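Written out below as structure tokens is the structure these notes cover.
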Amino acid sequence: DRYPELLKKRKSYIEKYDAAFKPLGVKVLPHFTEDYSSSGHLYITRVFKRDGEPISDEQRREIIRKMAERGVATNVHYKPLPMHTAYKDLGFKMEDYPNAFDMYKNEITLPLHTLLTDEDIEYVVESLRDILNETR
């Protein structure tokens, strides 16, 4: 019974994030189009330098650290399988999967849950905007 209202709330947050981050060159997966509608449970970004090149893994880690210092929990949701111990133990090597690493190295997942408020979303936006301006 609660799902339609929760989805509406997430969609509102996604629209706010999209509007704020598009001018900054932050790429995101589209959640809502004419062809499909997402549950909006993750807001995955890919962050680029001002020149359009992807940020490095080290820069991404620094952004995540700075967001944490501001009280914003971010994450990396899709770590390539060859980086997991079980796959390493099977002989998988990250250098054999350069595309997977390229997608991973500049990915940052932002908060997108239903306990957030509009003020929380604004704070996340301000924090990431400030940190990107410092980092880039």
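The values are calculated or read from the model by the stated rules, or taken from the named source; none is laboratory data. If you're wondering where the values come from, they're calculated on a predicted model, not measured in any experiment. Here the Cβ is made from the backbone with ideal geometry for all residues, glycine too, and neighbour counts use every protein chain on show. Only protein heavy atoms, including side chains, enter the accessible area calculation; ligands, DNA and RNA are left aside. Shrake-Rupley method; radii C 1.70, N 1.55, O 1.52, S 1.80 Å.
A few points about this structure:
- Residues whose amide H falls under 5 Å from that of LYS49, counting only those 5 or more places apart or on a different chain, are ILE55, with hydrogens built in the peptide plane.
- Cβ charges +1 (Lys, Arg) and -1 (Asp, Glu), total dipole of the range 1-74, debye: 260 debye
- Whole-Hz ³J(HN,Hα) from phi, Karplus 6.51 cos²θ - 1.76 cosθ + 1.60, for the range 8-24, glycine and proline x: 4, 5, 4, 4, 4, 5, 4, 4, 5, 4, 4, 5, 6, 8, 4, x, 8
- Taking the accessible area of the range 61-130, probe 1.4 Å, and keeping the other protein chains in place, the carbon and sulfur fraction comes to 53%.
- Fraction of alpha-carbon pairs over 24 Å apart in the chain - percent: 36 percent
- In sequence order, the range 90-105 has phi-based couplings of 7, x, 6, 10, 4, 5, 7, 10, x, 5, 4, 5, 4, 6, 7, 5 Hz under the Karplus curve 6.51 cos²θ - 1.76 cosθ + 1.60, θ = phi - 60°, and Gly or Pro positions carry x.
- The Cα center of the range 98-136 and the Cα center of the range 7-79 differ in position by 5 Å.
- Residue-normalised accessible area of the chain, given per residue in Å² at a 1.4 Å probe: 63 Å²
- Estimated distance in nm for a label pair at LYS88 and GLU62, the labels positioned 7 Å out from Cα along Cα-to-Cβ: 2.4 nm
- The chain: relative contact order as a whole-number percent, Cα under 8 Å and 6+ apart: 32 percent
- Counting lysine pairs in the chain that sit 8 or more residues apart in sequence, or on different chains, and whose Cα atoms lie under 23 Å apart gives 27.
- Each label was represented as a point 7 Å from its Cα along the Cα-to-Cβ direction; for TYR78 and TYR36 these points are 1.1 nm apart.
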